[in-house]
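Step one of this worksheet: look at the structure below.
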Amino acid sequence: MPGLVDTHAHLDEIEDIGSALKQAVEAGVEAIIGIGQDLVSNQKIIELAGRYPGLVYPAVGLHPWALSNLDETGIEENIAFIKSNLPSACALGEVGLDYDKRVLKGAGKDLQQNILRRLLQLALEFDKPVSLHSRYAWKDCLQLAKETRIKRLVFHWYTGFSSTLSGLIEAGYYISATPAAEYHDEHRRAIREAPPDRLLLETDCPVFYGRPDRYRSQPSDVLRSLKAAAQIKGIDEGELALQTTANALELFKLSR
């Protein structure tokens, strides 16, 4: 089996990171994009990338969920950190929009869109790809990305409309398959409709997956993403592994 890339992992939230990374390597994972969400997690991801060079690649971001806990000074501090560290990171992320009503109570659409627009401008300035969160905001995320003229972007864990999926594929963007592809209907549909050359694999670990039995994911579970996506698309697992890894290496400009 070709080496796999977990393109979206919250490694700072994994308690026994050494064991998790060892298990990932033994499972055939050759690279992991460590995703930041705020100042503290960005700092931790950068530190982990320094401890595990050639395996962990850092992305720095500001998640829309974090905005409700930040005042204007805090937001500016986060953006300044991202700007300082983005040149040496492999990507901007996790950033995006989240229109779930629980999130909107603390961070309205205007605030989220304004922050995302500023962050996308940084990605454009430093020529970095974007790992995008888009829950219930798929159309607005696509519109902002196109307005900003972002060239390299992945809609992570995509569950949105087919019409928006067609638009993001036409724009040259990617979607990613998570272990939820084993059972989540909207996610499975998106994977089925996306061409293999626009598909990535990820875990979003350490989130919980599973129906009915639940488990807490780690980077080695990218194998579950691969197996489920291959089954959905009717493609040999080895073939899809080769394609998704090539896609990840191209998008994130990873060295092997």
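Readers should treat all values here as calculations from the given coordinates under stated rules, not as data from a laboratory. Model, not experiment: these values are computed from the prediction. Because the Cβ atoms are built from the backbone with ideal geometry, glycine has one as well, and the counts that use them run over all protein chains shown.
In terms of the mean number of neighbouring beta-carbon atoms within 10 Å, the peptides 130-137, 53-60, 105-112 order highest first as 130-137, 53-60, 105-112. One quarter of the convex hull surface built on the alpha carbon atoms of region 45-108 amounts to 4.9 nm², the projected area averaged over directions.
For the listed residue pairs 109/151; 128/151; 44/105; 139/253; 83/105; 128/233, the alpha carbons are over 18 angstrom apart in 109/151; 44/105; 139/253; 83/105; 128/233. Computed over the Cα atoms of region 124-180, pair by distinct pair, the Kirkwood hydrodynamic radius stands at 11.4 angstrom. For the chain, the equivalent ellipsoid built from the Cα gyration tensor has semi-axes of 26, 21, 17 Å, listed from largest to smallest. When you work out D = kT/(6 pi eta Rh) for region 1-105 at 10 °C and 1.306 mPa s, using the Kirkwood radius from C-alpha pairs as Rh and the Stokes-Einstein form, the result is 110 µm²/s. For region 195-201, putting each phi into the Karplus relation 6.51 cos²θ - 1.76 cosθ + 1.60 with θ = phi - 60° gives couplings of x, x, 7, 10, 10, 10, 10 Hz, in residue order, rounded to whole numbers and with x for Gly and Pro. Inter-part distance, region 1-57 to region 233-256, computed on C-alpha centroids, equals 18 Å. Here the contact order of the chain, divided by its residue count and restricted to Cα pairs under 8 Å and six or more residues apart, works out to 21 percent.
If Lys and Arg each add +1 and Asp and Glu each add -1, what is the summed charge of the other residues whose beta carbon sits under 11 Å from the beta carbon of residue 41? Around residue 41, the charge tally is -4. For the chain, the mean residue ellipticity at 222 nm estimated from helices alone is -14000 deg cm²/dmol, where every DSSP H run of n ≥ 4 contributes -39500 (n - 2.57) and the total is divided by all residues, rounded to the nearest 500.
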